[in-house]
Amino acid sequence: MTTSIPNQTRLFGMDLSQWPMQWRAAGAMLLGLPALRGLTPPVRVDLLRADGGRSFWDVAHGRAQPAAPGAGAALLAVELPRDQVLDRQFTLPRLTPADVARAVRLEVDAATPFDPEQTVFGYAATPAGDTLRIDVAMASRAHVERRLQSVATVGDDSTAAPEVWVLPSTPFSADFRPIVMQGFGEGERRRVAARGRNLRLALLALALLLLLAIAFTPTLQSRLRAIQAQKAFDGLQTQVAPQVALRESLTKQSERLKSVGDIASHQMAWLPVLNMLTRAVPDGAWLNSLRIEGNKVVINGNGDDAAALVQRLASQPGVRDVRLLSPATRAGGALKEVFNIEMNLDPKTYALARPRGAP
């Protein structure tokens, strides 16, 4: 019985162990774009030629450009004569640097005539449309070490190990890419280039932060002023809160008083109304009922002459629109007429709340 152990590096069908390599490949592809190539500074290399001469090169992104002698500190590289190397050339599609390296390794393992432990190789990848032209150089480690020993006393005082270059057949072309043999001093050049690139990225990030600070400073100042103004307003509201509460209380009291005044101005006072009726109704008449609804008064009673009573009531101050609600009647042999009279009273004269100076 076999037990299968699940792959802990896979998630939803993706191999998480490949992510670091993929991120590095994506970063190398971005840094190789024309707009971002300037972030990687060129590294000065002092090349000891196979013919005994010296030349200086600025190397970046695998390309080498001629440089002026003595223009700055330089790393050391040694040219390996082409008669000591075997070269091959083939074409690959546009792959990531890691995939290209694996493809070159398989080609070298299949084509090298040397013992695998004694095989030294390097390659240069040159874009050609949608493909890559791969120039591979293979040599024996013993030949390379003898070449390094022969120039050991010629180089500068640097303690860094020299690189080993194989120059293509047209070294001075516009797209000159030397073949750098792997496993020697090329790592130091990559570290120098990485330090320079990191420094430039840090300076670029600092410049972007400064630009953002300059762009957002007015906004931040406006926000701070708004916050200070809001705090001052809140403090002022706290200080005037008792006065505001008192004002609201006074406003509510005023509204209540106004409501009471409106009610009182339309509500008739009983005593003035009774006084007016007492004076207007003659001695031979009497009232059976009295009803006051707002400024309207309805009286019912008996009297000698209802029409004369209507006229007397109409002549009273503050009384208007006096009329009989129904014709006056005299039932059977009664001596008095039964009347039902309606009248409107002036609030200025008879209301509970009368204007100052009213009777």
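Just so you know, all these numbers are worked out from the coordinates, no wet-lab data involved. Everything numeric here is computed off the predicted structure, so don't read it as measured data. So basically every Cβ, Gly included, is an ideal-geometry build from the backbone, and we count neighbours across all protein chains shown.
Going by how many other beta carbons lie within 10 Å of each one, how would you line up 342, 293, 107, fewest first?
293, 342, 107
Relative to the Cα centre, what is the charge dipole magnitude of region 36-200, using +1 at the beta carbon of each Lys and Arg, -1 at the beta carbon of each Asp and Glu, and rounding to the nearest 20 debye?
580
With a/c under 1.5 counting as rounded, go ahead and sort region 270-350 into rounded, prolate or oblate using the C-alpha gyration tensor (a ≥ b ≥ c being the square roots of the eigenvalues; past the cut-off, prolate if a/b is larger than b/c, else oblate).
Prolate is the answer for region 270-350, as a/c is 1.5 or above and a/b outweighs b/c.
Determine, from the Cβ-Cβ distance of residue 68 and residue 214 and an R0 of 30 Å, the FRET efficiency 1/(1 + (r/R0)^6), rounded to the nearest 0.05.
Calculated transfer efficiency: 0.20.
How far apart, in nanometres, would the label points at residue 191 and residue 133 be if each is projected 7 angstrom from Cα along the Cα-to-Cβ direction?
3.5
Taking R0 as 35 Å, what's the FRET efficiency between residue 248 and residue 225 from their Cβ-Cβ distance, rounded to 0.05?
Result of the calculation: an efficiency of 0.70.
Starting from the Cα-Cα distance between residue 61 and residue 259, subtract it from 0.36 nm times their residue separation and give me the gain in nm to one decimal.
Between residue 61 and residue 259, full extension yields 62.2 nm more.
What shape does region 36-200 take by its C-alpha gyration tensor, where a ≥ b ≥ c are the square roots of the eigenvalues and a/c under 1.5 counts as rounded, a/b above b/c as prolate, and the rest as oblate?
Oblate is the answer for region 36-200, as a/c is 1.5 or above yet b/c matches or exceeds a/b.
By the scheme Lys and Arg +1, Asp and Glu -1, what is the net charge of all other residues having a beta-carbon under 10 Å from that of residue 296?
Overall, the nearby charge balance is -2.
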